[in-house]
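Have a look at the structure below before the remarks.
Values in this text are rule-based calculations from the coordinates and carry no lab data. Here the structure is a predicted model, which means the values were calculated and not measured. We place every Cβ from the backbone using ideal geometry, glycine too, and count neighbours over all the protein chains shown.
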Amino acid sequence: MSPRPLALAILISGRGSNMAAIARRCAAQEIDATVACVASDRADAPGLATARALGIETAALAPAAYGTRDAFESALGERLDAVRPDLVILAGFMRILGGGFVARYHGRMLNIHPSLLPKFKGLHTHRRALEAGEIAHGCSVHYVTEELDGGPVVLQGQIGVRAGDDEPSLSARVQAIEHILYPRAIGWIASGRLAWRNDRPWLDGHALTTPVVEDFDALETS
Ligand code: GAR
């Protein structure tokens, strides 16, 4: 049983809107968790200032200062472990993490990816979904494994692609649902509904073999 509240360490590289959405729900006690630290690989990430304004401890570690990826990730792990995180939350952290770091937080690290995985792993997901003529798009919350964007997906939010959508419009609608779904998945862990056991996710006492999918279309058109 995790200590209460759950301690979160959140990794960002940019704006940090998902981090802020999670932190606000923790502060409002809608999730039984606390953001113990927000860390970034970029000192100029706007999300760091947002985190500080929310009263959260921040850290910036420049990969170039460490010479190798392993050295950077060891330093990052030590920095995170100083706050004893129960969960490491990747929220727009735009670096591929090595096996050592992934192993360090095995079963305790989540990511949000802006596509309906396994579709569109990697970058430029909105543009690629539009180019592929997809009629549905969205985001996925998944446990992190060594395979890039490949760990077990627990929760997905789906929206319809509209005629006339472009990359910014689609991205904005996906981000809006990310801010709902990522806190929800973390809340499931904080409340004990979602857990990592026997090397897989379990929800409500059952091994989760397919993600929970929420279709936001009804909300969009109303
Ligand atoms: C989010 O849309 C997230 O899904 C994406 O970066 C954005 C970060 O926004 N993550 C990835 O593309 C990871 N492959 P934010 O900094 O405003 O939360």
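Side notes on the structure shown:
- Subset of region 143-182 that is touching a helix residue (DSSP H, G or I) at 6+ places or on another chain (Cβ under 9 Å) and assigned to a strand (DSSP E or B) - its residue that is surrounded by the most Cβ atoms within 10 Å (Cβ to Cβ): Gly157
- All positions within region 117-133 that are assigned to a loop (DSSP other than H, G, I, E, B), more than 12 Å from the ligand (Cβ to nearest atom) and among the hydrophobic types (A, V, I, L, M, F, W, C): Ala132
- Index of the failed condition, Glu78 passing every other in (1) more than 16 Å from the chain's Cα centre (by Cα); (2) closer than 30 Å to Gly133 by Cα: (2)
- Complete set of residues in region 78-92 that are within 11 Å of the ligand (Cβ to nearest atom) and under 11 Å from Leu110 (Cβ atoms): Ile89, Leu90, Ala91
- Test result for Arg108, surrounded by fewer than 18 Cβ atoms within 10 Å (Cβ to Cβ), on the phi < 0 side of the Ramachandran plot and of a type in the set (D, E, K, R): yes
- Against the conditions (1) more than 21 Å from Ala190 (Cβ to Cβ); (2) surrounded by 14 or more Cβ atoms within 10 Å (Cβ to Cβ); (3) touching a residue at least 40 places away in the same chain (Cβ under 8 Å), Gly99 satisfies every one except (2).
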